[in-house]
Number of protein chains: 2
Amino acid sequence: MGNRYHHGDLRAALLDAAAAMIAESGVEQVTIRGLAQRVGVSHTAPYRHFANKNALLAAVAEDGFDRLVVRLREIREAHPAEPELCLRQLFVVYVEFALGNPTHYRLMYGEEVFNRKEYPELSVIAHQVFNEFFAVVQQGQQAHLYRANLGVKITCSIWALAHGLSLLVLDGMLPVADDFENAVGSLLILASDGFREK
Amino acid sequence: MGNRYHHGDLRAALLDAAAAMIAESGVEQVTIRGLAQRVGVSHTAPYRHFANKNALLAAVAEDGFDRLVVRLREIREAHPAEPELCLRQLFVVYVEFALGNPTHYRLMYGEEVFNRKEYPELSVIAHQVFNEFFAVVQQGQQAHLYRANLGVKITCSIWALAHGLSLLVLDGMLPVADDFENAVGSLLILASDGFREK
DNA sequence: GGTGTGATGTTTACGTTGTCAACATTATGA
DNA sequence: TCATAATGTTGACAACGTAAACATCACACC
């Protein structure tokens with residue numbers, strides 16, 4: 001390796017450094033110049049890989065969505081024939097991801113940070129989150145666990161509940177129970193009683 | 001009025017200007033110097049009223065919470081004896097407030113913008129939002145509409161659902177139905193079937 | 001194997017921003 | 001009336017995002 005003029009994979013290094021810096025001190029502390037210094041390049045080198053700071057942050061957010069979707073898919077494929085249990089697991093894992101990566105999670109959904117509309121790939125990958133939940137809801141419908149014709153609304157409710165719960169807890173506005181997984185899971189059960197076939 | 005050295009109520013003027021600027025072009029476009037210019041004072045005058053930019057933004061967020069809580073209380077007091085209808089109205093009005101003041105709403109809950117922990121008054125006023133929902137849930141419990149011993153969890157679910165739904169719609173991740181109020185309300189009904197006494 | 005061309009990184013520079021320190025003006029109450 | 005606190009201004013500074021001009025390198029092509 002040694003000190004060479006070309007870094008090798010500066011783009012990936014910048015994304016890693018940004019993710020680390022976000023985890024350490026929050027998005028607002030991330031600076032192009034700081035990242036460059038951390039990676040050991042000049043303060044304008046990042047502009048060879050990202051049009052501007054927003055584009056870099058959008059790429060970091062996209063990485064976060066990628067990791068989340070992979071995680072959800074693992075859960076889903078681990079429970080091929082148990083939609084109810086699977087849904088509960090998805091829900092818990094989703095909230096755990098948010099609470100385990102607080103600043104990163106916030107960046108993924110934030111608007112102050114960058115103009116989402118300029119980065120349509122973010123909406124695409126975010127929609128895959130919806131689809132992970134939706135697939136299991138549909139399984140549940142086929143098993144006559146959940147009411148037919150309401151698959152989209154049920155999925156919206158679950159996602160919104162997971163999202164809102166995560167953020168309210170992150171904001172310190174809801175107390176975190178000792179038995180976290182049970183508390184989170186029971187919230188879903190409570191709400192999802194209304195999803196069932198009669 | 002005229003041009004005088006002392007502004008009169010610079011603090012309020014700055015908050016107004018900040019709210020307006022946020023509504024127009026988003027939080028990230030708000031700048032101390034821009035606000036000062038807009039209000040017609042020098043670029044450091046704001047520091048006589050706010051310790052720094054974060055403190056100013058926190059005050060703007062607090063104003064937003066104040067308005068939201070007032071709005072919710074109006075609804076609650078307009079339905080003294082109909083907890084079920086009242087809850088639905090609260091829910092819809094909450095989401096409407098968020099969608100009607102997108103950037104302001106995001107600021108109220110954002111973390112990137114400023115360090116919430118430094119502004120405990122924000123948590124206090126935010127807890128009043130919880131209490132508005134909670135009061136009605138308790139009414140419903142007294143009327144044997146909702147399950148006893150689950151008041152807090154039910155309230156958390158409702159708030160989280162409203163919050164998550166608002167943000168997902170703001171992010172363009174959920175479609176906005178034509179008949180918005182009905183769609184939002186039905187989401188609550190769907191979920192809250194599980195809240196009922198059997 | 002040389003070579004030149006595009007990709008990648010550096011240097012320098014500029015305007016904007018948040019914020020501090022020193023100073024100016026005004027309001028207020030003893 | 002006048003000292004003093006409250007409020008506003010001027011000027012300065014460092015950090016930041018980013019553009020332009022330049023330097024170095026990798027690699028495809030003769």
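The values are calculated or read from the model by the stated rules, or taken from the named source; none is laboratory data. In this text, all values refer to a predicted model and were calculated from it rather than measured experimentally. Ideal geometry is used to build each Cβ from the backbone, glycine not excepted, and the neighbour counts take in all protein chains shown.
Would you please list the contacts, defined by Cβ atoms under 9 Å and residues six or more apart or on different chains, that run from a residue in the stretch A:9-37 that is within 10 Å of DNA strand D (Cβ to nearest atom) to a residue that is part of a helix (DSSP H, G or I) and basic (Lys, Arg)?
A:30/A:53; A:31/A:53; A:32/A:53
Out of all the residues in the stretch B:122-173, which are of a type in the set (Asp, Glu) and either at pLDDT below 90 or within 26 Å of residue A:130 (Cβ to Cβ) (or both)?
Once the filter is applied, which keeps residues that are of a type in the set (Asp, Glu) and either at pLDDT below 90 or within 26 Å of residue A:130 (Cβ to Cβ) (or both), the stretch B:122-173 yields only B:171.
Within the stretch B:6-22, is even one residue surrounded by fewer than 16 Cβ atoms within 10 Å (Cβ to Cβ) and more than 15 Å from DNA strand C (Cβ to nearest atom)?
There is at least one residue in the stretch B:6-22 that is surrounded by fewer than 16 Cβ atoms within 10 Å (Cβ to Cβ) and more than 15 Å from DNA strand C (Cβ to nearest atom).
Since residue A:139 meets every condition but one in (1) part of a helix (DSSP H, G or I); (2) buried (at least 22 other Cβ atoms within 10 Å of the Cβ), which condition does it not meet?
In the conditions (1) part of a helix (DSSP H, G or I); (2) buried (at least 22 other Cβ atoms within 10 Å of the Cβ), residue A:139 misses (2) alone.
For the stretch B:72-115, name all the residues that are outside any loop (DSSP other than H, G, I, E, B), over 11 Å from the mean Cα position of the chain (by Cα) and touching a residue at least 12 places away in the same chain (Cβ under 8 Å).
Answer for the stretch B:72-115, where residues must be outside any loop (DSSP other than H, G, I, E, B), over 11 Å from the mean Cα position of the chain (by Cα) and touching a residue at least 12 places away in the same chain (Cβ under 8 Å): B:73, B:75, B:76, B:83, B:84, B:86, B:87, B:88, B:89, B:90, B:91, B:92.
Looking only at the stretch B:36-49, count every residue that is more than 8 Å from DNA strand C (Cβ to nearest atom) and closer than 21 Å to residue B:119 by Cβ and tell me the total.
Residues flagged as more than 8 Å from DNA strand C (Cβ to nearest atom) and closer than 21 Å to residue B:119 by Cβ within the stretch B:36-49 amount to 2.
Inspect the stretch B:81-93 for any residue being within 16 Å of DNA strand C (Cβ to nearest atom) and within 14 Å of another protein chain (Cβ to nearest Cβ) and give the result as yes or no.
Scanning the stretch B:81-93, I find no residue that is within 16 Å of DNA strand C (Cβ to nearest atom) and within 14 Å of another protein chain (Cβ to nearest Cβ), so the answer is no.
Of all the residues that make up the stretch A:12-49, how many are within 18 Å of the chain's Cα centre (by Cα), of a type outside the set (D, E, K, R) and part of a helix (DSSP H, G or I)?
The number of residues fulfilling the criteria is 8.
With respect to residue A:122, is the statement that it is touching a residue at least 12 places away in the same chain (Cβ under 8 Å) and either within 16 Å of the chain's Cα centre (by Cα) or surrounded by 22 or more Cβ atoms within 10 Å (Cβ to Cβ) (or both) true?
So residue A:122 fits the description; yes.
Restricting to the stretch A:60-74, name every residue that is surrounded by 19 or more Cβ atoms within 10 Å (Cβ to Cβ) and either within 12 Å of DNA strand C (Cβ to nearest atom) or more than 28 Å from residue B:117 (Cβ to Cβ) (or both).
The one that is surrounded by 19 or more Cβ atoms within 10 Å (Cβ to Cβ) and either within 12 Å of DNA strand C (Cβ to nearest atom) or more than 28 Å from residue B:117 (Cβ to Cβ) (or both): A:72.
Would you pick out the residues in the stretch A:38-48 that are more than 8 Å from DNA strand D (Cβ to nearest atom), more than 10 Å from residue A:7 (Cβ to Cβ) and surrounded by 13 or more Cβ atoms within 10 Å (Cβ to Cβ)?
A:38
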